[in-house]
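Here is the structure we will look at.
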Amino acid sequence: MKLFRQLSTPRLLILIAAIVVAAAAASIGSLAALGSNGQTPPAKPLDQALEDALTAPTPDGVTARVRFTNNLFPSGALAGMTGAASSALTSGGSGRLWWSPSVGGRIELQSDAGDAQIVWDKSRLTVWDSSSNTVYELPLPASTATGTGARDQPPTLADVDAFLERLAKDADVNGPSPDSIAGEPAYRVSVSPAHSAGLIGSLGLAWDAVHGVPLEIAVHAEGQSSPALELTVTDISFGPVSASDLAVAPPASAKVIDLGGRSNPAETGGKKVTGLAGVRAAVPFALVAPDRLVGLPRQTVQLLDGKDKGALVLYGHGLGGIALVEHAAGSSGGDQTSSLPKVALGTATGHELATQLGTVLLFDRGGVSFALAGSMPPAAAEAAARSLP
């Protein structure tokens, strides 16, 4: 989250959208596809529909056309921000998707400002936004890098029932509803948090009724009928995908931003530093980590180990929690978020990024740079920031 202060505002907004659409694209490209018949499937119990999807055969590859909708930022919020306002990642767009079970995938979105390319393989996610000529690179965990669709042991109906029983403790699931998407017989479900999830209202998912491929992923804000973010397949086919379709080469002039960070294990003996006392001793500033923040108990404190040591403090649980990131003031080389709206936070003046799904506040106080983020409206985030000692 130190990157919030290293990036210009347009790049910051583009990055937020890029990570979300990349996750959705990887999910859509990770399973099977089939020929179209344009019919709706028969009604089925949820557990049976899920078992059928999860045990479907993996294809040789997927080629699809997709549409990305982004209503995350309020109307007019990006006005005057050259790059962000015209990028397909922040304004939405249509494009194509390719996926290979043995290699990974690629999604391309087009806009008047230029294409956005999202590529993933077994070890890395790369996002190239041509409107700002910036490349973002993120290392992926080995267990979730490609979503190859390989299944050592297909789940049984009992496995699915056990999963749904656990899910019911935290979420309400509606569906499946038979439908037809991109000419494919499909099922739709809507998953809503059963407990506090901040501004997040529901997650919508639709998948192919025969071979299990996700055809649509949407996130709705609380009380909103239109999705904040949505990635939809509009046309799909399957078969081998050429290596050239999965590769993209940004120009040598592109700025490269590594989102993985540059840790220095030697300075901490190769161990992750956690806990209030250990992190406080490791950072070169006065750590601010009260026991509670606007009523939410402190859960974890973790050292962010890199060129400039920082701290991540988490409050509350799940989607209704608050993340507080701290670094020494000035360690980021200057605040480049000045085009975001200003907000008074007691003795400090901050910059605020408000979206349908949450708020980020950036401010300096007492020699410390703070980034406070949560799925909450601006007023609640500002109250949390003002309550910090």
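The values are calculated or read from the model by the stated rules, or taken from the named source; none is laboratory data. Because the structure is predicted, anything quoted here is derived from the model rather than measured. Here Cβ is always computed from backbone atoms with ideal geometry, including for glycine, and neighbour counts include all displayed protein chains. For the accessible areas, the whole protein counts, side chains as well, though only heavy atoms, and no ligand, DNA or RNA atoms are used. Shrake-Rupley method; radii C 1.70, N 1.55, O 1.52, S 1.80 Å.
What is the diffusion coefficient of the range 93-242 in µm²/s, taking the Kirkwood radius over Cα pairs and the Stokes-Einstein relation at 10 °C with a viscosity of 1.306 mPa s? Walk me through the intermediate numbers first.
Working: Rh = 17.8 Å.
It comes out at roughly 89 µm²/s.
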Self-check item: Within the range 149-251: Cβ-based charge dipole about Cα centre, in debye rounded to nearest 20 (Lys, Arg +1; Asp, Glu -1)
Solution: 120 debye
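Let me spell out the model: positive unit charges on the Cβ of Lys and Arg, negative unit charges on the Cβ of Asp and Glu, origin at the Cα centre of the range 278-326. What dipole size does that give, in debye rounded to 20?
Details: 5 positive and 4 negative charges, 11 e Å.
In total the dipole reaches around 60 debye.
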Quiz item: Mind checking Rg over Rh on the range 152-204, alpha carbons, Kirkwood formula for Rh?
Solution: 1.06
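Using the Kirkwood radius built from alpha carbon pairs, what does the Stokes-Einstein equation give as D for the range 275-389 at 37 °C and 0.692 mPa s, in µm² per second?
Values: Rh = 14.3 Å.
Taking Rh from Cα pairs, D becomes 230 µm²/s.
Got a number for carbon plus sulfur as a percent of the range 134-245's accessible area, 1.4 Å probe? Provide the component values of the computation, followed by the final result.
Numbers: 2930 of 5450 Å².
Ligands and nucleic acids excluded, carbon and sulfur give 54 percent.
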